[in-house]
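Have a look at the structure below, then the notes.
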């Protein structure tokens, strides 16, 4: 077995290859041009890795690991491990990083191969292809909604500049009557030009949101996890799909609190010596979209679930509304773990939601 450490960048990768005894066999930089990197790995498997042997690669996570992971699997890579760097080094070069990765992997090879955690090192789970696609899809939906909100706020700001917000024919905006009124509204020349552009952008943003909603609704029916999460109060197709794909394989979380910790909903701590209760704010690690969605789900759940609302009120009297809402979000994360691990609906797990 060979151990390959890779420090990846956009234009080149730096590799460090070690054998079973820990000796460095090769250390060099390779361009990421397709013809050059494919020729390198073809030569590596032909000359270095022979006789049916394979190698294991460890890569630092970045925003463009996908193509490299797929290519490594094509060249007899037994396993690809993604890790999250925790601290910055004072002396940092690509060659040092690649050598440190391969050495770290070789030293802890038994733990890595057995799937056990390594102290001080965060391993990143490689999501399934379907979950990766759903994450990109739901992120597009969130960004489209934010773009639509920005356009609406610009239109409202323009109306406030001329004190015309009182003349909107409907209480809510945007509506068909309100948009038709804006198209006929008399404004100064530059403001009229900007309003026309904003109305065109608003129409495109609305169309984009509707198209993404349609795709999400179609994909939701193919996910059993999303169908379970849909049973929660106030959870739409978008919310259920977003949370399900950001949980991934629920079996990688041994306990319910692990999912809450994964989403950054548990307090940080600095316990040392005789001080064992030095708790701080929540860590806010993991997916910020998951926390944003859980905040909305918590708002709807408090409206529709009386027992959960009573539990929330008891915490609010002691700690305040902000901490109480975060506690509800953390509780809902544990309920999601129960639903996905036991394959039960929210109604069946309702006692767990208020039991602690």
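The values are calculated or read from the model by the stated rules, or taken from the named source; none is laboratory data. All figures in this text were calculated on a predicted structure; none of them were measured in a lab. Positions of Cβ are generated from backbone atoms using ideal geometry, with glycine treated the same way; all protein chains shown enter the neighbour counts.
Taking the range 1-100 as the region of interest, the strands (runs of 3 or more DSSP E) fully inside it that hold 2 or more residues being touching a residue at least 12 places away in the same chain (Cβ under 8 Å) and out of contact with any helix residue (DSSP H, G or I) (no Cβ under 8 Å at 6 or more places or on another chain) are 77-84.
Is there a residue being in a helix (DSSP H, G or I) and in the same structural domain as residue 345 (by TED's automatic domain parsing) anywhere in the range 261-284?
Of the range 261-284, the ones in a helix (DSSP H, G or I) are 261-262.
Subsequent filtering for residues that are in the same structural domain as residue 345 (by TED's automatic domain parsing) retains 261-262.
Yes, some residue in the range 261-284 is in a helix (DSSP H, G or I) and in the same structural domain as residue 345 (by TED's automatic domain parsing).
Does residue 290 satisfy the condition of being in contact (Cβ under 8 Å) with a residue 40 or more places away in the chain, under 20 Å from residue 123 (Cα atoms), part of a helix (DSSP H, G or I) and out of contact with any strand residue (DSSP E or B) (no Cβ under 6 Å at 6 or more places or on another chain)? Against the criterion (in contact (Cβ under 8 Å) with a residue 40 or more places away in the chain, under 20 Å from residue 123 (Cα atoms), part of a helix (DSSP H, G or I) and out of contact with any strand residue (DSSP E or B) (no Cβ under 6 Å at 6 or more places or on another chain)), residue 290 qualifies.
Checking 344, 300 one by one, the residue that is assigned by TED's automatic domain parsing to the domain that holds residue 236, part of a helix (DSSP H, G or I) and closer than 21 Å to residue 236 by Cα is 300 and no other. Is there a residue in the range 300-313 that is closer than 30 Å to residue 116 by Cα and surrounded by 14 or more Cβ atoms within 10 Å (Cβ to Cβ)? No: zero hits.
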